[in-house]
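Notes follow once the structure below has been shown.
The values are calculated or read from the model by the stated rules, or taken from the named source; none is laboratory data. Keep in mind that this is a model prediction, so the values were computed, not measured. Neighbour counts are summed over all protein chains in view; Cβ atoms, including those assigned to glycine, are modelled from backbone coordinates with ideal geometry. Protein only, heavy atoms only, side chains kept; ligands, DNA and RNA dropped before computing areas. Shrake-Rupley method; radii C 1.70, N 1.55, O 1.52, S 1.80 Å.
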Amino acid sequence: MDVRTQEFAAAANRELKNERSRNFLGRLAPYFARSCAGAMKTFPDPAAAVACGRAIRADAVARLPDLLEQFAKNALACGAKIIWAKTAAQANEFILALAKEKGVRYVAKGKSMVTEEMGLNEYLKTNGIDAFETDLGEFIIQLLRRPPFHIVGPAINLPVEEIRDLFLAHGVIDEPTTDRIALGGAARRYLRDKFRRLDMAVTGVNMAAADTGAIFNVENEGNIRLCKSSPAIQVSVMSLEKVVPTMNDALHLLRLLCRHCTGQKLSSYVSIDCGPKKPGDADGPEELYILILDNGRSEIYRDVKAREALRCIRCGACLSVCPVYGKIGGYPYGWVYSGPMGQVLNPLLLGREQTRDLYFATTLCGACRDVCPAGVDHPRLFLHYREQQASSVRAQGLFFKAWGRLVKSGGRWHFAVRLLRPLINRFAANGVIRKMPGLMNGWFASRNLPALAHKTFHKQWKKQERQRDAGRR
Amino acid sequence: MPDDVRRFILRKLKNAPAGTAPSRPPLPPLPVLSLNREELISLFTENLAEQTGMVYRAANAQDIKPHLAEIAAREQVKIMLAATDAVLAPLHLRAWGKTTGVEVLTAEDFPDRESYREAAFNRVQAGVTGADWGVAESGTICLLHDRDQPRLISIAPLLHIAVLPVERLVAVYEQVVQSVYADKNRLPAHFTFITGPSMTADIQGGPFKGMHGPRKLIVILVG
Amino acid sequence: MKTVSLFIPCLVDLFLPRIGEATYRLLARLGVRCIYHSEQTCCGQPAVNAGFTKEARLAARHFIDVFGDDEAIVSPAGSCVCAVKTHYPELLENEPFWRERAEALAPRIYELSQYLVDVLGVSDCGAFYDGKVAYHESCHILRGLGVSAQPKELLSRVRGAKLVPLQGAETCCGFGGEFANRYPEISTAMVKEKCENYLASGADLLLLNEPGCLLNIGGYLSRHVPDRKVMHLAEFLAAAGREER
Ligand code: SF4
């Protein structure tokens, strides 16, 4: 998938003008808050349930190397084939080679963020193998060639007219319709045929339990279950941080994941695999490949602060509560992962350079951190990335150098503040500053500033202190 | 070569500064654990209904077939694909079908995987399975897939009917998983949690059922 | 008699000194003696937020030097309190001497409403106001400090004032320091919504206790709806009290 993180600001401004998206987004946060809170009520103490989930993910990240090794050993013992890939390219090459070796013409995909991260679809396509996304939302955005708008509903913002045109253009429907049900039904029929003849499927993994080697998938549509039932070859791609210590840990995370994802107690389908089908079974894969992808994560892991981002379980809750996402939607983030989740992950996976906007376009309001069932502390990570990049902006560096000299001394600080007052107040009229040419244009685009008071608090206090002292004397 | 990659990745992870594993607070016991049988049943039913799954009650094994017949007639099921699991096998559905005009197929009826797939996707109107467990906390049924519980039966047809003996209804997932995954040498290849029919809300957030799998899920709770 | 040490952060000192005065007046009226260290500067939040940790550490050490011995420090700016409480121990994690002092300091610094309700046990400030008010939950106060009940408690005891619900009260107003200037379109969309919710709430005054939000919301109102006001809780409680007398 193309990386467009550097176009963040321009794309955000474009999306701000998109009335339809804005309308949808305006309803998202309250809807999410209601449904999530409703589902969390089944816990006697929702905060304790979240704390428990956060501790599981913290534990999993802290013990990642051992857990991963244990998982791989157990999965292998179940008969799964474990493939390790350092990079997205390696992973793609493996899947292509497997498809070629098995002589499959196309593969079906279950929803999987990690394969989008790898750019698997494009890679297979250019090498002569079609890859069909089978989750309805993913299917639509694959035709549209856009990144997901929201991780939970990749195409949820699109008007039906756009989907109609898209389906017509790609032969999913023959007759135009804007009926939601008819469009869904058409996609079902189109993909059903693919499933029936399917030889090889590629899915993601939501969780992997170290104690058994089992992999978990969570979904509502059933496309992943079909991917695990119909074809003879199943490839399940997991980024290496998906592992959790035990089956019970996975079960509790499931509770939190579904509640934070769609407000359900449990999604329609959870499927758990330990190895391929047994001889004599009527269906299921003859061969199950579990592809463990690193793609930079082992490097991220060396940064003790940054690696806490690996706790993320991709529930999408932080998108739904983010006030910035709530204005601009998922496109401006410019890659697979959007919203606060993308703001913490993309800089790690793509580098801090081309993702600067992602960790600056935040008010650090903490709504994401508060809602996160995995315990990701987004604001803390943003500050960490900023720190790592601070030296790259010279002008700011000089400013803070000077600032640092002043801040150490009350005398110097208040002297400087005194000098500042007339400079700023030059722009004031009737107690209000409406603009300061060349300075803070962004602020003044829509806001005034009050003129600076005649005296700072500091000065007033000193004066009153003198008066009080004089009075006492 | 692949082993090199494995070693490389694991070495790199292990060479990173060690993390301190946090203390793990226990999960306060879920209230569902203290429910009695009838309460479990009603919670199970309520939760499944939230996801538009339906629960029918059958007093005993004899009572299952009238339900099946009624459903088959209402949903215009002419051919159904049935599992041969421990719950369904004693019911002899094939013989029952002959008397009611419903053709009951099982995976064994097909000479190869291709013809079985073709039937599961295109010929049958319903899949019938037993359910190995029910979990009240979310209104979920659990299926342990094996030779007698093929995977496609409960996901390919538009209607899924599952028969759940009430003594297999438990409160929370852990009670199921602890027993299923207890023996490390006999782990199930495929285990599913099913909580309602196949659903999506991907177009404009509006619900659409039967996206890829069943449009309806009916659980017949026996006992 | 209780004594508190006032921490008056930059924005208040420079732009909104009246909030500092109101804080002082309010505390004095409630029988609290205020001291003010004139050596105080900035808590370092701008440097932390910009990623200049080295410089932020200078501010942190200075702050600890200035305030380190005070029994209670009170500030009308929750985000600065939050910076001292949460950022300092981490900023100074590799300097045991300073980290210990930062950790010792953290529980002694309070946002104003938090101090009034939790420490002084006051909820009635003797204030009076004839009208409807709404309360904006500033992010750093609500989520950073977990302070939300306290200001509402204080408001509920203001005679004549009716606290009306504000839609999206907990949603960020779009300030975020440098964010507001750097991403003006996004920030404006956020503050616009905040103001629209305020206007729709039926309140005739919007109250909050964070100077950053005050500049942002106030700046937007001043430009677009100049007859509608936003006010810091300290000013509201201090001034309203005066009126009654
Ligand atoms: S960061 Fe947290 S809230 Fe956001 S998607 Fe990941 S787990 Fe969910």
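Only a single criterion out of (1) more than 7 Å from every other protein chain (Cβ to nearest Cβ); (2) open to solvent by 10 Å² or more (accessible area, probe 1.4 Å) is not satisfied by residue C:15, namely (1). Looking only at residues in the stretch A:408-440 that are over 28 Å from residue C:184 (Cα atoms) and within 9 Å of chain C (Cβ to nearest Cβ), which one is least open to solvent (accessible area, probe 1.4 Å)? Looking at residues that are over 28 Å from residue C:184 (Cα atoms) and within 9 Å of chain C (Cβ to nearest Cβ), I get A:410. Considering (1) within 16 Å of the ligand (Cβ to nearest atom); (2) at the interface with chain C (Cβ under 7 Å from one of its Cβ atoms); (3) in contact with a His (Cβ under 6 Å, 6 or more places away or on another chain), the lone condition that residue A:369 does not fulfil carries the number (2). Scanning the stretch B:185-215 for residues that are open to solvent by 10 Å² or more (accessible area, probe 1.4 Å) and more than 7 Å from chain A (Cβ to nearest Cβ) yields a total of 5. Check the stretch A:300-309 and report whether any residue there is surrounded by 24 or more Cβ atoms within 10 Å (Cβ to Cβ), within 10 Å of the ligand (Cβ to nearest atom) and of a type in the set (A, V, I, L, M, F, W, C). The answer is yes, given that some residue of the stretch A:300-309 is surrounded by 24 or more Cβ atoms within 10 Å (Cβ to Cβ), within 10 Å of the ligand (Cβ to nearest atom) and of a type in the set (A, V, I, L, M, F, W, C).
Test residue A:132 against the stated conditions and say whether it is in contact (Cβ under 8 Å) with a residue 24 or more places away in the chain and open to solvent by 30 Å² or more (accessible area, probe 1.4 Å). Yes, satisfied. If you go through the stretch A:34-66 and keep only what is outside any helix (DSSP H, G or I) and charged (D, E, K, R), you end up with A:41, A:45, A:63. For the stretch C:182-208, filtering for residues that are touching a strand residue (DSSP E or B) at 6+ places or on another chain (Cβ under 9 Å) and either buried (at least 24 other Cβ atoms within 10 Å of the Cβ) or part of a helix (DSSP H, G or I) (or both) leaves 8.
Picking from residues in the stretch A:44-79 that are more than 7 Å from chain B (Cβ to nearest Cβ) and open to solvent by 40 Å² or more (accessible area, probe 1.4 Å), the one that is farthest from residue A:306 (Cα to Cα) is A:77. Could you list, in sequence order, all residues of the stretch A:139-153 that are within 16 Å of the ligand (Cβ to nearest atom), in contact (Cβ under 8 Å) with a residue 24 or more places away in the chain and within 11 Å of chain B (Cβ to nearest Cβ)? Of everything in the stretch A:139-153, those that are within 16 Å of the ligand (Cβ to nearest atom), in contact (Cβ under 8 Å) with a residue 24 or more places away in the chain and within 11 Å of chain B (Cβ to nearest Cβ) turn out to be A:148, A:149, A:150, A:152. If you check A:274, A:315, A:258 for being in contact with a Cys (Cβ under 8 Å, 6 or more places away or on another chain) and within 15 Å of the ligand (Cβ to nearest atom), only one passes: A:315. For the structure I just gave you, tell me whether residue A:267 is more than 9 Å from chain B (Cβ to nearest Cβ), polar (S, T, N, Q), over 30 Å from residue B:14 (Cα atoms) and within 16 Å of the ligand (Cβ to nearest atom). In short, no. Of A:355, A:362, all but one fail to be of a type in the set (Val, Ile, Thr), within 15 Å of the ligand (Cβ to nearest atom) and in contact (Cβ under 8 Å) with a residue 24 or more places away in the chain; the exception is A:362.
Within the stretch A:186-232, being open to solvent by 10 Å² or more (accessible area, probe 1.4 Å) and more than 27 Å from the chain's Cα centre (by Cα) holds for A:188, A:189, A:190, A:192, A:193, A:194, A:196, A:197, A:199, A:211, A:232.
Among all positions in the stretch C:61-84, there is no residue which is at the interface with another protein chain (Cβ under 7 Å from one of its Cβ atoms) and outside any helix (DSSP H, G or I).
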